[in-house]
Amino acid sequence: MRKNLLIFGFVGLGLISLLFFTIPKNSTDNNQKGVLTLTFDDGLKSQYEIAFKEMQKQDYEGTLFIVANWTGLFEGRELMSFDNAKEMQENSWEIGSHSLSHNFQNRLTKISDEELKNELDKSKEILEKEGFKIQTFAPPFGDYNNKVKEETKNYYLYVRPLEWGYNSFENIDPYNLKSKWVMTKYSSDDVCSWIKKANSENLWLILNFHHIGEEQTPWDFSEQKFKEVLECIKNEGIEIKTIKEVLENEKRN
Ligand SMILES: [Zn+2]
């Protein structure tokens, strides 16, 4: 009798350890997959007309960074209106500040303390008066250092400069979120391979887009390639979230 119990005990233990080692660790935990955020800098009209409209078809939301004091044109390209951006916000897009003036001569690491405060504080104030909920900042030209980083903490919860790479959920710096810049030189397959890597390795990939349409500068990405990237996202089934959605809702640790 005692011998039989012992045998059952061993068999039971064996089964338990078999179960333990064969059930994939993350099979029931949806939080343990890659996440993708699509960000758009500058508030160009093409981002409203192409990116927003195409993403709407799939129910994807992104993060848009707009400049508080801009109207009309940027480097010869048409900007969207605040009303366009508001429509995006109403459709669950996140709107962030991309500074007050976006001026290369007066970029954030070069200006006085007073001017820096103004670029961060005033831009947020203007955009909030327009009805935007601003928690996230993207420094123009990715121009960023420790001093600017410390100052942004007074006004924002999250910052996406232009540091290249993936974000690992074990080690996220909300004031220095890494991203990959979708430039003209990349194909949609290149971008798709980044998305696949993020999804298979449980990483958070933030893509950074500028103009969507005719490729005239190194920062443009054609409409065709953009649509192919959306197709890749759909096939891959990766979760799409805005920056604040990821950082507010994801409880990964
Ligand atoms: Zn910019």
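All of the numbers you see were taken from the coordinates with simple rules; none came from a lab. Not measured: the values here are computed from a predicted model. Using ideal geometry, Cβ is built from the backbone for each residue, glycine included, and neighbour counts are taken over all protein chains shown.
Per-structure values
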{"quantity": "Distant-in-sequence amide H partners of E163 (H built 1.01 Å from N, under 5 Å)", "calculated": "S179"}
{"quantity": "Prolate/oblate/rounded call for the stretch 133-253, Cα gyration tensor, a/c under 1.5 rounded", "calculated": "oblate"}
{"quantity": "0 to 90° range, to nearest 10: angle between helix 2-22 axis and the chain longest Cα axis", "calculated": "20 degrees"}
{"quantity": "Degrees, to the nearest 10: 188-200 long Cα axis against longest axis of the chain", "calculated": "40 degrees"}
{"quantity": "Contact order relative to length of the chain, as percent, for alpha carbon pairs under 8 angstrom and 6 or more apart", "calculated": "24 percent"}
{"quantity": "Spin-label model distance (nm) - K57 vs D113, 7 Å beyond Cα toward Cβ", "calculated": "5.3 nm"}
{"quantity": "Between 0 and 90°, nearest 10: helix 113-129 axis offset from the chain longest Cα axis", "calculated": "80 degrees"}
{"quantity": "Bridge type composition, the chain - antiparallel percent by DSSP, nearest 5", "calculated": "20 percent"}
{"quantity": "The stretch 182-249 and the stretch 133-181: distance between their alpha carbon centers, rounded to Å", "calculated": "18 Å"}
{"quantity": "Taking the stretch 48-185 and dividing mean pair separation by its residue count, relative contact order in percent (alpha carbons under 8 Å, at least six apart)", "calculated": "19 percent"}
{"quantity": "For N103, distant residues with modelled amide H under 5 Å away", "calculated": "none"}
{"quantity": "Descending semi-axes in Å of the stretch 149-212, equivalent ellipsoid built from Cα gyration tensor", "calculated": "24, 16, 7"}
{"quantity": "Base-10 log of normalised Debye intensity for the chain (one unit scatterer per alpha-carbon) at q = 0.08, 0.14, 0.16 Å⁻¹", "calculated": "-0.36, -0.92, -1.18"}
{"quantity": "Ascending count of other beta-carbon atoms within 10 Å, so fewest first, for L205, L64", "calculated": "L205, L64"}
{"quantity": "Filtered trypsin sites (Lys or Arg not before Pro), the stretch 40-142: DSSP coil and at most 15 other beta carbons within 10 Å", "calculated": "K110, K133"}
{"quantity": "Residues M183, M55, M88 arranged by fewest to most Cβ contacts within 10 Å", "calculated": "M183, M55, M88"}
{"quantity": "In the stretch 147-188, GluC sites (Glu not before Pro) in a DSSP loop with at most 11 other beta-carbon atoms within 10 Å", "calculated": "E170"}
